[in-house]
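Here the structure is laid out as structure tokens; the discussion comes afterwards.
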Amino acid sequence: MSELAYEHSSLSSFELSISDLNLYPPKPAVPFEFSPSSYQITQELLYLYYLAVKALATGSKRPYRRGLPHKAIKLICYYAGYALPTKSCCQEAEYFVKLEAMGGDVYSKVWFQTHQFSKDVLQTIGGIQLLTYSEDQGWWSDEMTRPWTWFTLQRSNSSHDVTDTIIQPTYEHTVIGWQSHSNRVRSDGLEQYVGPYFGCDHEILLGMKEGDRLIVMMHAQFSGWQNQAAAGLLRVFTNWQPSDAFLTITYGHTPLVDLSELASSIANIIYNNTGAHRKNESRPSIFRKLNLEFSLTLKTLVRGIASRIVGKRSTHTISMI
């Protein structure tokens with residue numbers, strides 16, 4: 001299902017009360033430790049981040065490059081999407097939930113949701129990621145069929161918890177929100193699933209406002225299909241940058257370089273690491289392409305380093321763990 005095909009509509013559409021449908025009564029979520037843990041992710045990411053910071057702060061001898069100022073290093077970390085899971089912002093599911101579809105409609109259910117996000121927290125969010133311990137009904141006659149049980153994320157501006165309702169759209173396959181992941185077809189039992197990492201530049205986070213909350217939805221379509229979720233975790237990552245105190249103690253004070261030298265240094269890094277030197281492009285040509293007017297293009301230059309030079313992006317690391 002492509003994201004473009006999703007309909008971002010209100011939870012108030014097509015609501016039915018729980019008593020109108022054959023739902024299983026909720027029971028407490030199963031105690032489950034998702035792997036890797038937030039602690040393990042933090043340790044691995046910090047190791048990568050500090051390696052990148054060290055390379056930027058100390059410079060290099062061959063080819064020669066002076067260390068970058070602290071402000072430039074922090075900007076690079078920001079545009080690279082460096083973030084760590086923050087326990088205080090994460091949300092766990094409280095209930096084991098089982099949803100069964102009937103007919104050809106998409107059956108959707110609110111599983112769990114975050115608290116309202118404050119303005120200060122929203123300014124620091126670097127990404128989100130949904131993890132579930134779930135399964136489908138465990139059987140299906142057609143081995144080649146696609147999965148018809150899945151999870152999505154949706155944002156809400158409600159000041160109160162969204163009530164536990166069922167959304168029953170039309171017979172067209174319409175998905176509410178942004179899809180995270182599906183259960184494997186004919187699951188042998190409950191399994192851990194790790195959804196994609198949605199960075200701060202993703203549509204769901206770009207539209208977040210003060211007081212909004214994130215909602216985890218579960219879905220099933222067609223008779224016989226069941227979405228069963230025993231445990232869930234919505235990890236919220238907040239931006240990470242090295243402190244000035246750490247940079248000063250570890251690598252010394254900010255090097256004194258004028259603006260033109262700093263711009264030239266950044267451009268040289270990009271030149272030496274983007275394959276331009278292997279394409280017989282001259283340095284002046286690269287400089288012109290990057291438009292080295294420092295006051296206007298520092299953001300562009302820093303983005304170039306963040307996306308091409310500084311180790312693994314946190315989004316890639318998280319998805320690979």
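The values are calculated or read from the model by the stated rules, or taken from the named source; none is laboratory data. Remember, it's a predicted structure, so these values are computed and weren't measured experimentally. With ideal geometry, Cβ positions are generated from the backbone for all residues, glycine too; neighbour counts draw on all protein chains shown.
Brief remarks follow.
- Answer residue from region 84-119, given it is part of a loop (DSSP other than H, G, I, E, B) and among the hydroxyl-bearing types (Ser, Thr, Tyr) and is nearest to Tyr197 (Cα to Cα) among those: Thr86
- Options Leu51, Leu84, Leu68; residue that is among the aliphatic types (A, V, I, L, M) and at pLDDT 90 or above: Leu84
Rundown of residues vs (1) at pLDDT 85 or above; (2) closer than 30 Å to Cys89 by Cα; (3) of a type in the set (Val, Ile, Thr), yes/no style:
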| site | (1), (2), (3) |
| --- | --- |
| Arg213 | yes, yes, no |
| His219 | yes, yes, no |
| Asn227 | yes, yes, no |
| Gly232 | yes, yes, no |
| Asn239 | yes, yes, no |
| Tyr251 | no, no, no |
| Thr254 | no, no, yes |
| Asp258 | no, no, no |
| Glu261 | no, no, no |
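- Filter pass, Ile270 being surrounded by 17 or more Cβ atoms within 10 Å (Cβ to Cβ), modelled with pLDDT under 80 and either closer than 30 Å to Phe32 by Cα or in contact with an Asp or Glu (Cβ under 7 Å, 6 or more places away or on another chain) (or both): no
- Some residue of region 134-151 being acidic (Asp, Glu), surrounded by fewer than 18 Cβ atoms within 10 Å (Cβ to Cβ) and not in a loop (DSSP other than H, G, I, E, B): no
- Criterion (surrounded by 18 or more Cβ atoms within 10 Å (Cβ to Cβ), at pLDDT below 85, under 23 Å from His181 (Cβ atoms) and not small (Gly, Ala, Ser)) met by exactly one of Leu45, Leu23, Leu11, Leu4: Leu11
- Across region 225-242, the qualifying residues are those that are closer than 30 Å to Met102 by Cα and not small (Gly, Ala, Ser), and the one among them that is surrounded by the most Cβ atoms within 10 Å (Cβ to Cβ) is Asn227.
For every residue, the table says whether it meets (1) farther than 30 Å from Ile249 by Cα; (2) basic (Lys, Arg); (3) surrounded by fewer than 18 Cβ atoms within 10 Å (Cβ to Cβ); (4) within 16 Å of the chain's Cα centre (by Cα).
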| site | (1), (2), (3), (4) |
| --- | --- |
| Pro69 | no, no, no, no |
| Leu75 | no, no, no, no |
| Tyr82 | no, no, no, yes |
| Glu94 | yes, no, yes, no |
| Trp111 | yes, no, no, no |
| Gln116 | yes, no, yes, no |
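- Within region 200-217, residues that are under 21 Å from Leu131 (Cβ atoms) sit with their Cβ atoms under 6 Å from residues that are modelled with pLDDT of 90 or more and assigned to a loop (DSSP other than H, G, I, E, B), at 6+ positions apart or across chains, in these pairs: Arg213/Thr114; Arg213/Gln116; Leu214/Thr114.
- Matching residues in region 55-67 - criterion: being of a type outside the set (S, T, N, Q) and surrounded by fewer than 20 Cβ atoms within 10 Å (Cβ to Cβ): Ala55, Gly59, Lys61, Arg62, Pro63, Tyr64, Arg65, Arg66
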